[in-house]
Amino acid sequence: MTDVVLVSGGAAVSPFTTPELAARSGLAAGNSLTALRQALLDAGVRVFTAPAGIGQGAVTEDPGWQGFGDVPTVLPAEWTINAVGSIDDAGASLCRFLGHLADEYGMTDVLLVGHSMGGLFCRSAVRQLHEGEVPIAPRGLITLGTPWTGSLLGDYVTGAITLEDAHGDAFTTEVLTRSAQFARDNSQGAADEVAIGYLTGVEGWNARQAGVLDGIPVTVVAGDRFAEFAEPESLWPHDGLVATRSASAVDVPEGVLPHVDRVLRPDVHSIFFADAAGLEWEAALTWDPVVLDLVVRAATS
């Protein structure tokens, strides 16, 4: 059985949790990771969640939608992911957090599970683990709705997709316009980096990760709940925030992603999007019982 670290994504707020300690009010591990954490605990897996917030600093609460409070252990800012900052800065924070887990909890190997941009944070941390002296070996990576080659938000903000590409679909149009406003108000680098122009190409961020995942089994889980149109593939189908093609890492070179299993679910990106679309939370990638079982089996096999 492998220890698991859960990592939330861009603009997501998550508390530090251990198998014994979590937020005492609201959702115990935040609105991205609570169901995953509970499923792993129920299976007897030792699971931790990486602290993350909007901006630099320690995380004590999330007063927002389906947030949390009364966090029993607050870790310092240097071990806390800035969820609206750059990928590699987040990866550095995650790497330092893993060092803390090695020192304080005796962690020696880990299955990393990243939701959304958290999958990119995990990949950056794996590279920095290889480069540094943290004595933890990554035994696997699972990404849930991760924008391997771009996101609706990033691609719209950078002009790679337009409102015309939504083909008049009201939900998708609203996602694009609201995402742009959120990025203007909150992004500290994340919006520009979670875009096809930054991630892809011979000099893109993905290309610079060649060799990082060698020998590490990777499972990518994508959602395709919104499938009213087929083109452009950089947008359709999608889970509300990430195109299915991007979350499936279809266009990532083999030298970057040599060992991959792909899983497709009829899901939305998160419970936030499930709520917005009038769906049950179980229709979200982070709450889907099939996805939870997949993660548990990976940790216990």
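The values are calculated or read from the model by the stated rules, or taken from the named source; none is laboratory data. A quick note: this is a predicted structure, and the numbers were derived from the prediction, not measured. With ideal geometry, Cβ positions are generated from the backbone for all residues, glycine too; neighbour counts draw on all protein chains shown. SASA here: full protein model, heavy atoms, side chains in, ligands and nucleic acids out. Shrake-Rupley method; radii C 1.70, N 1.55, O 1.52, S 1.80 Å.
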*Between the stretch 283-299 and the stretch 223-255, what is the C-alpha centre distance in whole Å?*
20 Å
*Per-residue HN-Hα couplings for the stretch 147-159, Karplus 6.51 cos²θ - 1.76 cosθ + 1.60 at θ = phi - 60°, whole Hz, x for Gly and Pro?*
x, 4, 10, x, 9, 4, 4, x, 6, 6, 4, 8, x
*Once you sort the root eigenvalues of the Cα gyration tensor of the stretch 1-100 as a ≥ b ≥ c, which label holds: rounded (a/c under 1.5), prolate (a/b larger than b/c) or oblate (the other case)?*
oblate
*Tell me, how many Å apart are the Cα centres for the stretch 50-87 and for the stretch 112-162?*
18 Å
*Quick one: Karplus J couplings for the stretch 215-225, per residue in order, coefficients 6.51, -1.76, 1.60, θ = phi - 60°, nearest Hz, x for Gly and Pro?*
x, 10, x, 10, 10, 10, 10, 10, x, 9, 4
*asked:* Charges at C-beta only: +1 for Lys and Arg, -1 for Asp and Glu. How large is the resulting dipole of the chain about its Cα centre, in Debye rounded to 20?
replied: 460 debye
*Whenever you get a sec, line up 208, 225, 184, 265 from highest to lowest accessible area (probe 1.4 Å, protein heavy atoms).*
184, 208, 225, 265
*Percent of beta bridges antiparallel (DSSP, the stretch 165-301, rounded to nearest 5)*: 20 percent
*Just the C-alpha atoms of the chain: what Rg/Rh do they give, with Rh taken as the Kirkwood radius?*
0.93
*Residues with amide H under 5 Å of residue 81's amide H, sequence separation 5 or more or different chain, H placed in the peptide plane at 1.01 Å from N; which?*
52, 53
_Per-residue [θ]222 nm for the chain (sum of -39500 (n - 2.57) over DSSP H runs n ≥ 4, rounded to 500)_ = -9500 deg cm²/dmol
*To the nearest 0.05, how large is the calculated FRET efficiency for residue 70 and residue 214 if R₀ is 35 Å and r is the Cβ-Cβ distance?*
0.25
*Quick one: grab Rg to one decimal and Dmax as a whole number for the stretch 42-116, Cα atoms only, in Å.*
12.9, 35
_Amide H of residue 111 versus every other amide H placed in the peptide plane: which residues, excluding those fewer than 5 positions away on the same chain, fall under 5 Å?_
3, 4, 5, 139
*In nm², what is the average projected area of the convex hull enclosing the Cα atoms of the stretch 141-220?*
6.2 nm²
*Please work out the Kirkwood hydrodynamic radius for the stretch 174-255, using every pair of different C-alpha atoms, and report it in angstroms with one decimal place.*
14.3 Å
